[in-house]
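Participant: Quick one: this structure, given as structure tokens, is what I'll be asking you about.
The values are calculated or read from the model by the stated rules, or taken from the named source; none is laboratory data. Being a predicted model, the structure only gives us computed values, none of them experimental. Here the Cβ positions follow ideal geometry from the backbone for every residue, glycine too, while neighbour counts run over all protein chains shown.
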């Protein structure tokens, strides 16, 4: 007789099987994860084996100065996917918005998780921390800064979810009345994984968790602490409208012919060239679309100080050399195109002449 395991004792593989996830679906997820993380196909069995055997990690989620948008981004999935089920399968031991407990029972759950999983639990933080007036935001009478320092002390890894936790976000915007700062401004003795965005992409958070469960380490980070696999390229470089930018074809207003034809939104304030994120490839709502595809410029929400970075509908300054290059490339393209047409025409005429000549010779030989 098989002993029934409690949810906390189950491995991730056992938890997924208990939720009806087939082996085939699980392997498809592992393949998609390998691709998403830019890993070779040979790593798929490694990911599958590691995830199947991994114990459900204890996660403590702290929400400070935030709008709950990061939690909404995760919980309002369009369908029950393997990604969301993996997120559901972690042991989410503390989360202000999602937990059933309240008051003393809620804080007792946080303290119990910290004690039971000392040195092994993941700490997820969303929202900025007010340093100018620590008492401005408190939980159970504990200031945000004190709760963060206390909970971070024995965490295995810290994930700052959303631009508020990663960079200070909107609360940090001028005039910043609460003295809002990012997690990394307070915690200096641990590596912090920043997953910015307002809100961040759910699949990116899942990818970071999967990497930690698979390899037991944090992914390679850029100079801002963001996972390179997701934030290593600009939205501009991955954007399907990029060819129009290179040709110098821009929408001038939201309802002109260029906008209707899907031309580049650079002149309408698109921050894609200076913004690093996976929106253009991972997209939103199950891969349906992302802001630029919906006709709105990128506002650069995964970058530091995006709220104070200038008007959302004011174009970035394009260096003169870039404008010149664009013009040169466009002119060169036109010249090359004309030359190609001319060569093709000459080739066609030559072929016609050859055909005519051959036909004439054939007629003469008859």
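Participant: Answer with yes or no whether residue 196 is within 22 Å of residue 231 (Cα to Cα) and in contact with a helix residue (DSSP H, G or I) (Cβ under 9 Å, 6 or more places away or on another chain).
Facilitator: yes
Participant: Return the total of residues in the range 271-284 being part of a loop (DSSP other than H, G, I, E, B) and over 13 Å from the mean Cα position of the chain (by Cα).
Facilitator: Qualifying residue count for the region: 1.
Participant: If I go through the range 117-130 residue by residue, how many of them are part of a strand (DSSP E or B) and over 17 Å from residue 170 (Cα atoms)?
Facilitator: Qualifying residue count, the range 117-130: 3.
Participant: I would also like to ask the following. Residues of the range 229-238 being surrounded by 15 or more Cβ atoms within 10 Å (Cβ to Cβ) and assigned to a helix (DSSP H, G or I), which ones?
Facilitator: Correct list: 229, 230, 231, 235, 236, 238.
Participant: Would you check if there is a residue in the range 175-194 being surrounded by 20 or more Cβ atoms within 10 Å (Cβ to Cβ), outside the structural domain of residue 278 (by TED's automatic domain parsing), at positive phi and under 23 Å from the mean Cα position of the chain (by Cα)?
Facilitator: Checked against the condition, which is being surrounded by 20 or more Cβ atoms within 10 Å (Cβ to Cβ), outside the structural domain of residue 278 (by TED's automatic domain parsing), at positive phi and under 23 Å from the mean Cα position of the chain (by Cα), the range 175-194 yields no hits at all.
Participant: Filter the range 131-151 down to the residues that are in a helix (DSSP H, G or I), out of contact with any helix residue (DSSP H, G or I) (no Cβ under 6 Å at 6 or more places or on another chain) and modelled with pLDDT under 90, then identify the one that is surrounded by the fewest Cβ atoms within 10 Å (Cβ to Cβ).
Facilitator: 135
Participant: Out of all the residues in the range 239-264, which are in contact with a helix residue (DSSP H, G or I) (Cβ under 8 Å, 6 or more places away or on another chain) and assigned to a loop (DSSP other than H, G, I, E, B)?
Facilitator: Scanning the range 239-264 gives 239, 240, 247, 248, 249, 251, 252, 253, 254, 262, 263.
Participant: Out of the range 239-260, which residues are surrounded by fewer than 16 Cβ atoms within 10 Å (Cβ to Cβ) and touching a residue at least 12 places away in the same chain (Cβ under 8 Å)?
Facilitator: Result: 240, 246, 247, 252, 253, 254.
Participant: Would you be able to tell me the number of residues in the range 186-223 that are in contact with a strand residue (DSSP E or B) (Cβ under 8 Å, 6 or more places away or on another chain) and without any contact (Cβ under 8 Å) to a residue 60 or more places away in the chain?
Facilitator: Going through the range 186-223 one residue at a time, the tally reaches 12.
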